[in-house]
């Protein structure tokens, strides 16, 4: 073991990539990032002394008075007026070469301040349909009555200067309006000062260290994961996938070293490298702050007590072991370095999402989150950084993470017994690459890439729901499986389970839909109890389903019909086909895997259990009936019900528990009927 | 008396996706004695490599038994591996180690007495003529030199059994001849050597006994002289073709 570990570490430090990517690059990057952040802050500070050009419509005495008053407002932190600001911070522009909107987009003016006549005042804040998507309008009522005008401030959110101008102008405008109200009261004969009617004061009880902890907490685990994966991935990927590719793993397997020892040494080497590199980066960051090479943010205080260090050690070390285990497993599962890199990206994305768990408000360790690796450490670190040391829960978090790490090590050791994975030469030859054989080998890679595609499309088209839905459903879930069938020369009837089921199955599925939907709601409620989800998340999701400004058919088509076809082809079609045709495939494991993948593709952490639950039963329906058509119907029906209940404000959550229990029983009866009607599903290539 | 290598009715069946069961080895039996080079002669895909991988415990037999120096393949895999040196075209070296470090690592990991490792490494470096390159990284060596390091790596822990799978593939004539000399030397040291090859002349020159393997079965197993006598053919190539053709019929 000692010889193996020494050998592994020697291989790592002799790899130039490790030194470059994991040590040298972050050494430069950390101060660069910290320095950039300071520069951004400094620039923002400097912006406060800048004057802004505001196009004013119309130019009348009212607007001139508003501008004069706004320019006279002094806020805490405002610098002394400079020569460039003799005319005031907000300068009125009376004429532009282009239209005001064009001038705003081009940066010739920073704001358009318009007085809207009472008859044109709209009741709510809405984005203008006629202008660029970045041009936004904020309206400020100058009075509460309908017959008074409205002041509209138009800005472009994607231009920092314009955004800043809007915030600074409106902040000062509120002060002006307050003064106007006080003046109106005085004119009406009231002698008092409006500010003295109710004196509101606030007092911050948090210590500077707690404030620093609250700011750092949500991102601390993310940075740790970034460092651990960045450092450990090179060692882990080279250790197994790289060795397989070079052929040196087979050499090692013919030595007296046992497979568990080989895996343990590799995992320990990855852990050592990851911990050392993460430690170097943290010390490096602290050193830059202590030496003053990077300016410390205002109020930055770390309460470095032994208690804090102890808690961090019992949390971070097991998490590092877990990350090392994940990396070793990814590497062990891959047949080449390239494949490992492809698989690493979605794994990395999932780790990052988990590490951000502490950003969810209201989530504490005394919930089911304590059993979710990385997420539990994220929540725990968030708590201890603000001075909350709940030792029993911290120790439980540590033990749970250690248990997960041990399980991963065991899984990795078993991978070395998989002859197909260990010896690339046993894998399919080049002429088999475009065949069902090659498909089985490549399927994980394609779904990993699809996941990346969904991730990117959601990031790029997040606010454009129609665009994201069409891209994901048609571009990914439909086209990619169709392409796979064509590329690997699969029989579409088998890959997509295209056959007509027995008539009893249709009836059972029709009955299954409402009951499964209700049970799904129950699963969602239970998930919420175990993993408390902020109301805003649920609201956001329900709004997506309800989108009242879209016609009903658009929602039913985009959220029920398309997923019913496309997602079924992708998950109960090609993915299920590939997994069930694998050597020694265990049916329940296949069903659970497909269900989990289906859940993970739906992103939101709080939706995964409910989605995976439905996905599991859809797999069973497809598998037992021998046809994808009933699972398509079930999927469409479930989604359509979700849209309908959201649009009609039907609160299924408030139904009595007996309704959920009856639905579960009914659902099981439906599944039994489908099971009784099952068809022979012997895997065929 | 048992032989260093004994193989009895060894079977290997793979399950390949889309192809179902693949019978790579179908009940192979043979033995190899001390100071003997036993040849496995067969075309590509005959089952030679699968057999040797089972002997080195990289693959698990589907059925049958085998032992190396009295250690059962399945029950005592670590002892089996400690008793043999395995060389094949697919067993690569570590590119970031020097030949000296490579030999040191493989001697230690295979349980060679630590106090004797240094002397053993120097002995091998001298024997294979690696003095000038002993501290050069393996990835900077020529393929001929790498081959030499690989052979030295195989015998670093001085195992009583050596397995060579297609060792001269890709070697030029001079390097191949040098390898043959090394192999004879190992035989002289009393090692039991199993040599898998599809090169007839190599088998003719080196092997004391030859097993002709085809589609996972041994069609004939004897000395070259006995094979000649039984078939009436002189050249091993003709003998091979005769058995394989008869086996196919």
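The values are calculated or read from the model by the stated rules, or taken from the named source; none is laboratory data. These numbers come from a predicted model, not from an experiment. Glycine also receives a Cβ, built like all others from the backbone with ideal geometry; neighbour counts cover every protein chain displayed.
What to note about this one:
- Of the residues making up region B:185-205, those that are touching a helix residue (DSSP H, G or I) at 6+ places or on another chain (Cβ under 7 Å) and surrounded by fewer than 20 Cβ atoms within 10 Å (Cβ to Cβ) are B:200, B:204, B:205.
- Subset tally (residues that are in contact with a strand residue (DSSP E or B) (Cβ under 7 Å, 6 or more places away or on another chain) and under 19 Å from residue B:102 (Cβ atoms)) for region B:166-185: 1
- Residue satisfying condition, being touching a helix residue (DSSP H, G or I) at 6+ places or on another chain (Cβ under 6 Å) and farther than 23 Å from residue A:587 by Cβ, within set A:658, A:654, A:663, A:631: A:663
Listed here are the residues, each with its yes/no results for (1) within 11 Å of chain A (Cβ to nearest Cβ); (2) in contact with a strand residue (DSSP E or B) (Cβ under 8 Å, 6 or more places away or on another chain); (3) touching a residue at least 24 places away in the same chain (Cβ under 8 Å).
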position	(1), (2), (3)
B:64	no, yes, yes
B:69	no, yes, yes
B:73	no, yes, no
B:79	yes, yes, no
B:83	yes, yes, yes
B:86	yes, yes, yes
B:93	yes, no, yes
B:102	yes, no, yes
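- Residues that are within 14 Å of another protein chain (Cβ to nearest Cβ) and surrounded by fewer than 24 Cβ atoms within 10 Å (Cβ to Cβ), drawn from region B:19-46: B:19, B:20, B:21, B:22, B:24, B:44, B:45
- Residue check, residue B:13 crowded, with 24+ Cβ neighbours inside 10 Å, in contact with a strand residue (DSSP E or B) (Cβ under 7 Å, 6 or more places away or on another chain), at pLDDT below 90 and within 13 Å of chain A (Cβ to nearest Cβ): no
- Scanning region B:84-101 for residues that are part of a helix (DSSP H, G or I) and crowded, with 23+ Cβ neighbours inside 10 Å returns a single hit, B:99.
- Within region A:232-247, if we keep just the residues that are farther than 14 Å from residue A:266 by Cα and either part of a helix (DSSP H, G or I) or touching a strand residue (DSSP E or B) at 6+ places or on another chain (Cβ under 8 Å) (or both), the residue that is farthest from the other protein chains (Cβ to nearest Cβ) turns out to be A:245.
- Inside region A:248-269, residues that are within 19 Å of residue B:79 (Cβ to Cβ) and more than 7 Å from chain B (Cβ to nearest Cβ) make up a count of 5.
- Selection status of residue A:417, under 19 Å from the mean Cα position of the chain (by Cα) and modelled with pLDDT under 80: no
- Long-range neighbours under 6 Å by Cβ, at least six apart or interchain, first residue touching a residue at least 60 places away in the same chain (Cβ under 8 Å) within region B:223-242, second outside any helix (DSSP H, G or I) and surrounded by 14 or more Cβ atoms within 10 Å (Cβ to Cβ): B:240/B:212
- For residue B:215, the criteria (1) in contact (Cβ under 8 Å) with a residue 60 or more places away in the chain; (2) closer than 16 Å to residue B:32 by Cα hold in every case but one, which is (2).
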